[in-house]
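Report on the structure given below.
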Amino acid sequence: MLTESAADPVELRHIAIAGATIGRDILASGTVLRDLDAKSPGDVVTDVDRRIEQRIRAHVESVRPEDRIVGEELPDSGSATSGIEWYIDPIDGTTNFVLGLGLHCTSVAAYDARTGQWLAGAVAVPSDGSVYSAARGQGAQKEQGDGSVVRLTAAVPPKAPRLLGVGLSYDPLQRQDQLAAIRDLMGDYDDMRSLGTAAYALCLVAEGRLAAFVESDLFVYDWAAGALIAEEAGAAVSRRADLARGAVSAVSRSTAHPSIA
């Protein structure tokens, strides 16, 4: 039976930021990759993923012991008596990390299973030290590496190129369908980017650097924080209410393609 528990989105946002920052700092410290496994062709996991997730779980458990924790790499934990659930992606963009590409991040988000609402999220980026975050009903922001804070409005600057961000599945059949769909979407955009990290791409929609992002084959921890950040910034966001694997999209204020939005 669920018990009453404080679930202030602003408080949860601070916890999410602290958790995501743990991952960012480990990744930015030049940590050495010692172990690499393939979960499926193209989809890899490292000892660094597991280490970061363990550290973030320990942090959340220390401040929210009655919450459930779901992560990409380790079994679910926690009693879930509060109704609050945490979704952790220790390294979103693990392939980029393994290959030494800067496009990767750590994502942490809080969800209220009683209401079906996303309450808070944070995405921390080691390449520039930035942290994107949002609390439900409070808007979204980016804390830059120098400590300054920018309010996010999901608005592409006037006359700037409109970039469509896309994600591609590891499954070759899914990928064929995705590439066909992208061809149809490109008429409304000037160019395309595939970053290899959905969480970061959704934050770039929130920031107005991407006009839109679409990916049809994601797990909940891939998009949990980024989707809330984009939504709180003012983007039109679509994701599965049942939290199952599937499609996610976000469209900036200045762009509205009907088959995405």
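Here, each number is a calculation from the coordinates, and none is a lab measurement. This one's a predicted model, so the numbers in the text were calculated from it and none came from an experiment. Note that each Cβ is placed from the backbone with ideal geometry, even for glycine, and that neighbours are counted across all protein chains shown.
Each peptide in 97-105, 19-27 gets a packing score, the mean of other Cβ atoms within 10 Å over its residues, and the list from highest to lowest is 19-27, 97-105. With neighbour counts taken as other beta-carbon atoms within 10 Å, the residues Glu11, Glu73 rank, fewest first, as Glu11, Glu73. Below 8 Å, C-alpha to C-alpha, sequence gap of six or more: please give me the relative contact order for the chain in percent. For the chain, the relative contact order is 17 percent. Exposure proxy for Asp112, Asp47, Asp242: other Cβ atoms within 10 Å of each Cβ, ordered fewest to most, give Asp242, Asp47, Asp112.
Ranking Trp86, Trp118, Trp223 by Cβ neighbours within 10 Å, fewest first, what do you get?
By the 10 Å Cβ count, ascending, the order reads Trp118, Trp86, Trp223.
Karplus-based coupling profile of region 140-146, in residue order and whole Hz: 10, 8, 10, 8, 7, x, 8, with θ = phi - 60° in 6.51 cos²θ - 1.76 cosθ + 1.60 and x standing for Gly or Pro.
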